[in-house]
Amino acid sequence: KNGEAHYYVVASYDRQRKVYLEVHIDILGLLQSFAGSGKRLELFVVSGPVVFFQWKNLEGYPVEIVSPNVRELLGYSAEEFLNKILSYEELVHPKDKEIILKEMEYHAKRKSSYWRHTNYILRRKDGAHIWVLDYTVPLLDKNGEITGYYGYIIDIAEKHEQEELLQVLAESNPYAVLIYDFTENKVLYANTNTEKLSGYSVEELLKNENPLNLIYEKDRGKVIKNLTARKEGYFGNISYRLRIITKDKKIKWVELSSVVSRYRGKFVSVLTFKDISQDIKRERELTILANRDQLTKVFNRHALIHEFERLLSQAKRYNQPLSVIILDIDDFKSINDTYGHILGDKVLKDIARVVRRTLRKSDIFGRWGGEEFLAILPMTSNPYIPAEKVRLAVEEYWLKNNMKITISLGASVYKKGDTMNSLISRADQALYRAKAEGKNRTVVI
């Protein structure tokens, strides 16, 4: 469920009782117990597909201990390693050596307790090459410095005789699949679904000199960050969302999944792209529905409270000015009673549009409830000027429409120790005074 696990299995058949017995030993756990006890590995494993090594942390990684069954795997005897007739490093395929050393450096810097190397090729004594899996556990001295490594090697050649199968599976995949050389920044393979997603033909993708140009500019940073991790030796699975640019210059949201594999003798990323543009659109629509007033399309009370708390926290932390304005439509009940609720709704919508257009883009504005609206003005220490600008804009708009509709406004400025409730309470008091003094005016408290 959580990925691959590796076990050393000892099996026996009891003929008398007609029982087949197996003992499954967690190899990684066994390795760690070896490292803690200092026991010699060759005393434990003398046959089977799992070969144990202990290397010194020196140039060439000389072998200190190796299980006798190394001959079955590589054709060399344990004595040939222990007598320094050959080193382990010289058996690693030249194409793999650099990436293995990078992985060692990567995990040493991060003080990893163990790691699985990317599968690599070893040369046998008879000249043949085999794919191996390699789990490594560092040995540390009392100062936490690496003195050597324990590891087990197991032959996994069968896993790497399936390149053609990989392409067949990629073609049957319902999503776009790319095989990408992250060291050369080059597409090595693309299935036919990449054409549907990107608009580019497979041939165009293979000839593209810089595939990163297909990534939306604002998302290239996260892509480059993950590519850097790959080049530094991180070969774990990666998944994230980003935007791509199609051939006809449209922007699509995709979910990218990346796994590292070997393809044509190189370590590459197998990338799967799932088009989630419609999912993103639905998410945004739901967010809008959750945060917008259905009638006026400005923020609703829930969204206003959320934004108010955020801006108030920012003002407190950085000692920045902050103001709040509450505006109320004068004699709104008489408008509904005289002209009906249809015109009343139009008044609410038009006033919301005029106010939103008059305020700054950085200001937060929404419907507080009924005919009351709330505006939050960051970096503002004198709300009277913008409040009056709003009041005059509303009055002028309705005069042009041959109606006399006005608003009253109450404002307050953040003081040290204020809460959201205390700020709004003062703005409410100011609004009450504006109404009492004759309406169609601004009062600041």
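The values are calculated or read from the model by the stated rules, or taken from the named source; none is laboratory data. Keep in mind that this is a model prediction, so the values were computed, not measured. Cβ placement follows ideal geometry from the backbone for every residue including glycine, while neighbour counts extend to all protein chains displayed. Note: areas computed on protein heavy atoms with side chains; ligands, DNA, RNA excluded. Shrake-Rupley method; radii C 1.70, N 1.55, O 1.52, S 1.80 Å.
Couple of notes before you dig in:
- Counting all C-alpha pairs of the chain, share separated by more than 36 Å (%): 56 percent
- Of H129, H93, H24, the residue with the greatest mean-square motion in the GNM of the chain, using alpha carbon springs below 10 Å, is H24.
- Extension gain, E217 to Q278: 0.36 nm times the residue separation minus the Cα-Cα distance gives 19.9 nm.
- Value of Rg/Rh across region 86-211 [Cα atoms, Kirkwood radius]: 1.08
- Our compactness index for region 220-307, the C-alpha radius of gyration over the empirical 2.2 N^0.38 Å, is 1.57.
- Stokes-Einstein D in µm²/s, Kirkwood radius over Cα pairs - region 198-237 at 10 °C with 1.306 mPa s viscosity: 136 µm²/s
- For region 354-445, taking the reciprocal of the average inverse distance between every pair of different Cα atoms yields a Kirkwood hydrodynamic radius of 13.7 Å.
- Cross-link partners of K125 among lysines (Cα-Cα below 29 Å; sequence separation of 8 or more within a chain): K39, K56, K84, K95, K97, K102, K159, K266
- For the chain, share of DSSP beta bridges that run antiparallel, in % to the nearest 5: 95 percent
- Across region 192-297, C-alpha contacts under 8 Å between residues 6 or more apart give a mean separation that, scaled by the residue count, equals a relative contact order of 19 percent.
- Heavy-atom accessible area with a 1.4 Å probe sorts V443, V19, largest first, into V19, V443.
- Solvent exposure of R360, expressed as accessible area, is near 100 Å², computed with a probe of 1.4 Å over the protein chains only.
- Packing order of peptides 267-279, 405-417, highest average first: 405-417, 267-279 (average count of other Cβ atoms within 10 Å over each peptide's residues).
- Label-point gap, in nm, between V202 and K297 - each point 7 angstrom along Cα→Cβ: 4.6 nm
- Considering only alpha-carbon pairs that sit under 8 angstrom and 6 or more positions apart, the relative contact order computed for the chain is 8 percent.
- Computed accessible area, Y114, all protein chains, 1.4 angstrom probe, square angstrom: 100 Å²
- E437/K400 FRET efficiency (R0 25 Å; Cβ-Cβ; nearest 0.05): 0.45
- Mean ellipticity per residue at 222 nm, deg cm²/dmol - from DSSP H runs of n ≥ 4 across the chain, formula -39500 (n - 2.57): -11500 deg cm²/dmol
- Relative contact order of region 304-445, taken over Cα pairs closer than 8 Å and 6 or more residues apart, is 30 percent.
- Each listed q (0.18 Å⁻¹) maps to a log10 I(q)/I(0) for region 106-160 from the Debye sum over equal C-alpha point scatterers, namely -0.68.
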